[in-house]
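Here it is, the structure, as structure tokens.
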Amino acid sequence: MSSPDAVAEPALEVPLSAPKPRRSLRTAWGGYLVGKLAAAVVSFAVTLVIGFVLFNVMPSDPVRTMTRGRPVSQAQLAQLRVQLGLDKPMWQRFLDFVNDTLHGRLGYSWEYRQSVASLAMNRLGPTLLLMGTSFAISVLLGLWLGQRSGWRAGSRFDRITSSTALTLWSVPTFWLGMILLMVCSVGIGPIHGFLPVGGMSDPTLPQTGMTHYVDVAKHLVLPALTMVLVVYAQYVTIMRSSIIEEKGSPYLLTARAKGLTDDAVRRRHALPNALLPSVTMIFMHLGTLISGAVTVEAVFSWPGLGDLTYEALKIPDLPLLQGTFIVFSASVIIMNLLADLAYRFLDPRVRAQ
């Protein structure tokens, strides 16, 4: 027990920690970029493996399917397998697949007798038209409804918007497309069909001029509407959650104390910060612009990349399936990489890591 007369020792002064050496912005940015590029390369390598294994373990015989209904001898079947390279061992086919992909060769379609690259380029325009239109409408509609629902959480508008969005999000895409097709194109009860059944244009009409553009717009309505109804709910949900989280932030109280109106606080302060979580989803959906929607294009016979993939599955046309799979996956990987890079500019917390 210490004596009361003992002189208390002065408290030790805690030395101030030396400032951490700050890496230069250029060095930090370079390390971040290299890390993301390495992750993208690894993802693409895994995609190559999955793409090959997925379509080569399918329980089907492409040669039998291609010669179905034709009088073909066993010798001719064996010769066709040699021509298609199906007689090679699996490891050699995989090495050939990787080598061709790295050199930009996506293969030669067995069904269409064309290179996969040329087939994909021919179908790219319709897919971009459909997916671009539905993507733009989905983003604008979903973000607008989501920020208003979150700002008035619990209101009637919020309940109606959220329940409708979640219901449409849970509906199978092909089922919704068939219902819209039955109601708006075929007609049901007193409702007569008023939109085209399928395809991209009417071959009996002129394929140029304003008549053609109006015809394409009519054919675009149902597949684009199907995509919008399924996709916009995702933006509603994310934006609503972000706005609700931002509502409790102290900086909004400061903005209100300055005399800003409620709408001004939402638009100028809450909305910009709440948009950050939506950036990742926007870039992910940008990646799917090229891949298209297999189910929607198949239901409405829209001549895009998704419909091309659906046709390739019937045989199966392995080079075409592998080529389209690589194109789809590469587009998603690139867009995810761009999302990571954009996030570093948009969010200061990422730059501080």
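Could you tell me how many of the residues in segment 239-272 are under 30 Å from PHE174 (Cα atoms) and either open to solvent by 60 Å² or more (accessible area, probe 1.4 Å) or free of Cβ contacts under 8 Å to residues at least 60 places away in the same chain (or both)?
Result for segment 239-272: 2.
Residues of segment 65-86 being charged (D, E, K, R) and either touching an Asp or Glu at 6+ places or on another chain (Cβ under 8 Å) or surrounded by 12 or more Cβ atoms within 10 Å (Cβ to Cβ) (or both), which ones? Lay out the reasoning, then the answer.
Of segment 65-86, the ones charged (D, E, K, R) are 68, 70, 81.
Residue satisfying the conditions is ARG81 alone.
Here is a follow-up. Condition first: part of a helix (DSSP H, G or I) and either open to solvent by 70 Å² or more (accessible area, probe 1.4 Å) or without any contact (Cβ under 8 Å) to a residue 60 or more places away in the chain (or both). Now tell me which residues in segment 87-101 satisfy that.
As a first pass, look at segment 87-101 and keep what is part of a helix (DSSP H, G or I): 90-101.
Scanning segment 87-101 gives MET90, TRP91, GLN92, ARG93, PHE94, LEU95, ASP96, VAL98, ASN99, ASP100.
Within segment 253-272, can you find the residues that are within 12 Å of ARG148 (Cβ to Cβ) and touching a Leu at 6+ places or on another chain (Cβ under 8 Å)?
ALA270
Determine which member of the set VAL296, VAL236 is modelled with pLDDT of 85 or more and touching a Ser or Thr at 6+ places or on another chain (Cβ under 6 Å). Write out each step before concluding.
Numbers: VAL236 fails: touching a Ser or Thr at 6+ places or on another chain (Cβ under 6 Å).
Within the list VAL296, VAL236, the selection yields VAL296.
Answer with yes or no whether VAL236 is buried (at least 21 other Cβ atoms within 10 Å of the Cβ), among the β-branched types (Val, Ile, Thr) and assigned to a helix (DSSP H, G or I). Explain how you work it out, then say what you get.
Numbers: buried (at least 21 other Cβ atoms within 10 Å of the Cβ): yes; among the β-branched types (Val, Ile, Thr): yes; assigned to a helix (DSSP H, G or I): yes.
Yes; evaluated as a whole, the condition is true for this residue.
Same structure again: Here are GLY132, GLY142: which of them is surrounded by fewer than 20 Cβ atoms within 10 Å (Cβ to Cβ), part of a helix (DSSP H, G or I) and touching a residue at least 60 places away in the same chain (Cβ under 8 Å)? Before the answer, list the steps.
Values: GLY142 fails: surrounded by fewer than 20 Cβ atoms within 10 Å (Cβ to Cβ).
So the residue among GLY132, GLY142 that is surrounded by fewer than 20 Cβ atoms within 10 Å (Cβ to Cβ), part of a helix (DSSP H, G or I) and touching a residue at least 60 places away in the same chain (Cβ under 8 Å) is GLY132.
Open to solvent by less than 90 Å² (accessible area, probe 1.4 Å), assigned to a helix (DSSP H, G or I) and of a type in the set (Gly, Ala, Ser): is that true of SER201 in this structure?
On the way: open to solvent by less than 90 Å² (accessible area, probe 1.4 Å): yes; assigned to a helix (DSSP H, G or I): no; of a type in the set (Gly, Ala, Ser): yes.
No: the conditions fail for SER201.
Say whether the condition of being outside any helix (DSSP H, G or I), open to solvent by less than 80 Å² (accessible area, probe 1.4 Å) and at pLDDT below 85 is met by at least one residue in segment 155-166.
Taking segment 155-166 and keeping what is outside any helix (DSSP H, G or I), we get 155.
Among the residues that remain, those that are also open to solvent by less than 80 Å² (accessible area, probe 1.4 Å) are: 155.
Subset that is at pLDDT below 85: none.
No.
Return the pairs, sorted by first residue and then second, in which the second residue is of a type in the set (Gly, Ala, Ser), the first residue lies in segment 44-58 and is more than 18 Å from SER331 (Cα to Cα), the beta carbons are less than 7 Å apart, and the residues are 6+ apart or on different chains.
Taking only residues 6 or more apart or on different chains, not a single pair turns up.
Given the structure, is LEU320 in contact with a Ser or Thr (Cβ under 8 Å, 6 or more places away or on another chain) and at pLDDT 80 or above? First the steps, then the outcome.
Working: in contact with a Ser or Thr (Cβ under 8 Å, 6 or more places away or on another chain): yes; at pLDDT 80 or above: yes.
Yes; evaluated as a whole, the condition is true for this residue.
Report yes if some residue within segment 102-115 is part of a helix (DSSP H, G or I), surrounded by 15 or more Cβ atoms within 10 Å (Cβ to Cβ) and at pLDDT below 90; otherwise report no.
To start, the set of residues in segment 102-115 that are part of a helix (DSSP H, G or I) comprises 102.
Remaining after also requiring surrounded by 15 or more Cβ atoms within 10 Å (Cβ to Cβ): none.
Looking for residues that are part of a helix (DSSP H, G or I), surrounded by 15 or more Cβ atoms within 10 Å (Cβ to Cβ) and at pLDDT below 90, one finds none in segment 102-115, hence no.
Here's another thing I want to ask about it. What helices (runs of 4 or more DSSP H), lying completely within segment 257-330, carry at least 3 residues that are of a type outside the set (Val, Ile, Thr)? If you could, list the steps in order and put the result at the bottom.
On the way: elements: 262-265, 271-274, 276-291, 294-299, 305-313.
Because the criterion is at least 3 residues that are of a type outside the set (Val, Ile, Thr), the helices (runs of 4 or more DSSP H) in segment 257-330 that meet it are 262-265, 271-274, 276-291, 305-313.
The values are calculated or read from the model by the stated rules, or taken from the named source; none is laboratory data. All values reported here derive from a predicted model rather than from experimental measurement. FYI the Cβ positions are ideal-geometry reconstructions off the backbone, even for glycines, and counts take in every protein chain you see. All accessible areas refer to the heavy atoms of the entire protein, side chains included, with ligands and DNA or RNA removed. Shrake-Rupley method; radii C 1.70, N 1.55, O 1.52, S 1.80 Å.
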